[in-house]
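Below: the structure, in structure tokens.
The values are calculated or read from the model by the stated rules, or taken from the named source; none is laboratory data. Worth saying up front: this structure is predicted, and the values here are computed from it rather than measured. Backbone-built Cβ (ideal geometry, glycine too); neighbour counts: all protein chains shown. For accessibility, only protein heavy atoms count, side chains too; no ligands or nucleic acids. Shrake-Rupley method; radii C 1.70, N 1.55, O 1.52, S 1.80 Å.
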Amino acid sequence: MAVLHYTLDFKLRAPADVSATVRGLQSIFQEQEMTENVHDSEGQGYLATFVGKNGRFAILRMHSHGLVTFDLQCLEGDDVVQVDNLLNALEKKLKALLDGNIQRIKRLPALIRGSDVDRYWPTADGRLMEYDIDEVVYEKESAYQNIKILHSLQFGNMLILNGDVNLAESDLPYTQAIMGSGKEHYAGKEILILGGGDGGILHEAVKLKPKMITMILVQDCVPVLKKFAEQGRTFDYVINDLTAVPISTAPEEDSTWEFLRLILDLSIRVLRPSGKYFTQGNCANLTDALSEYEKLLGRLSCKVDFSKEVVCVPSYMELYPF
């Protein structure tokens, strides 16, 4: 059974009268038959916990710098109307008690914690997104990473690798962008795909009738690239769909950036003179990382030109440069 976690925040213009505010709220918690416990917050305001017979647990904190926060936890299946009435009563009372001192009120829908289906996944830049997940389609701990396929009502089946949203059925724009957005002619050409575990690139490439597709999927791409370079084997296109940040750089390089440069240099060695290299560049908000990547392109073993295209990837809910 999951726990629903509600939050209500009052940002004040100035610190409130703690004693008067707390006294004004006590009747609400008494009506809910919630037992109050006050905790010493060492001069940092007022902190109280409230426990109800029905398993509800609440924390009221009045911070000394002018912030009032209320957190309410209740079990899934609790009476939604009663919970809503409690939050409404608390919000109404605080508005009356803090009249003229309120700068902003923020009330959020419940955060669902501990449910069988996990709805919350981070973006590349660390923001938390809630997805409309309704089913765990597949889950396995492989020798390489944790694999989940979750079903989203909006985005279809989603592939999650080690806690990162990898790709969803909605995300054809990702695959199109990493293949040149329809501007390339793959017919009769030789393609090398690095990674691409979701299979989207392979699926699209096959439809374009290339001469040959070589895919380095589950093994380390570095020794394979070195072998191709030694053999003099070359390709018209190298498409890098490896993880944005390598799981491990050992034993090749100590630095992630040097490891990425190694992959770039090896890829260029197996590219034909007119060949092209495509890759994703992480999310658009990671400006420092993208800048570092562009600097890296100027430190390769030969001079390269590059261009970029920024695309909205639906299930990422963010912009991605390619």
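Brief remarks on what is shown
- Among the conditions (1) open to solvent by 80 Å² or more (accessible area, probe 1.4 Å); (2) farther than 17 Å from Met34 by Cβ, the only one that Asn146 does not satisfy is (1).
- For region 126-142, filtered to residues that are farther than 12 Å from Val165 by Cα and open to solvent by less than 50 Å² (accessible area, probe 1.4 Å), the residue that is farthest from the chain's Cα centre (by Cα) is Ser142.
One line per residue, one yes/no per condition, for (1) open to solvent by 30 Å² or more (accessible area, probe 1.4 Å); (2) more than 29 Å from the chain's Cα centre (by Cα):
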| residue | (1), (2) |
| --- | --- |
| Ile263 | no, no |
| Ile268 | yes, yes |
| Phe278 | yes, no |
| Cys283 | no, no |
| Glu294 | yes, no |
| Val304 | yes, yes |
| Val313 | no, no |
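- Qualifying residue in region 154-169 (condition: over 24 Å from Phe322 (Cβ atoms), surrounded by 13 or more Cβ atoms within 10 Å (Cβ to Cβ) and within 19 Å of the chain's Cα centre (by Cα)): no
- Residue count for region 195-209, restricted to those that are farther than 23 Å from Asp164 by Cα and touching an Asp or Glu at 6+ places or on another chain (Cβ under 7 Å): 0
- Within region 170-217, the set of residues being among the small types (Gly, Ala, Ser) and either open to solvent by 70 Å² or more (accessible area, probe 1.4 Å) or closer than 23 Å to Val313 by Cα (or both) comprises Ser170, Ala177, Gly180, Ser181, Gly182, Gly195, Gly196, Gly197, Gly199, Gly200, Ala205.
- Residue match in region 67-81 (condition: in a helix (DSSP H, G or I) and at negative phi): yes
- Yes/no for Glu36 being over 30 Å from the mean Cα position of the chain (by Cα), assigned to a strand (DSSP E or B) and among the charged types (D, E, K, R): yes
Quick grid of which residues meet (1) assigned by TED's automatic domain parsing to the domain that holds Lys106; (2) without any contact (Cβ under 8 Å) to a residue 12 or more places away in the chain; (3) over 20 Å from Lys106 (Cβ atoms):
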| site | (1), (2), (3) |
| --- | --- |
| Gln30 | yes, yes, yes |
| Val38 | yes, yes, yes |
| Thr49 | yes, no, yes |
| Ala58 | yes, no, no |
| Val68 | yes, no, no |
| Gln73 | yes, no, no |
| Gly77 | yes, no, yes |
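- Neighbours by Cβ (under 6 Å, 6+ apart or cross-chain): first from region 94-112, assigned by TED's automatic domain parsing to the domain that holds Asp84; second open to solvent by 70 Å² or more (accessible area, probe 1.4 Å): Asn101/Arg13; Gln103/Arg13
- Qualifying positions in region 71-121 - within 26 Å of Ser152 (Cα to Cα), surrounded by fewer than 16 Cβ atoms within 10 Å (Cβ to Cβ) and in contact with a helix residue (DSSP H, G or I) (Cβ under 9 Å, 6 or more places away or on another chain): Arg107
- From the list Ser181, Ser170, the one residue that fits, being at pLDDT 85 or above, outside any strand (DSSP E or B), over 21 Å from Leu271 (Cα atoms) and small (Gly, Ala, Ser), is Ser170.
- Residue match in region 41-55 (condition: closer than 18 Å to Met1 by Cβ and crowded, with 16+ Cβ neighbours inside 10 Å): yes
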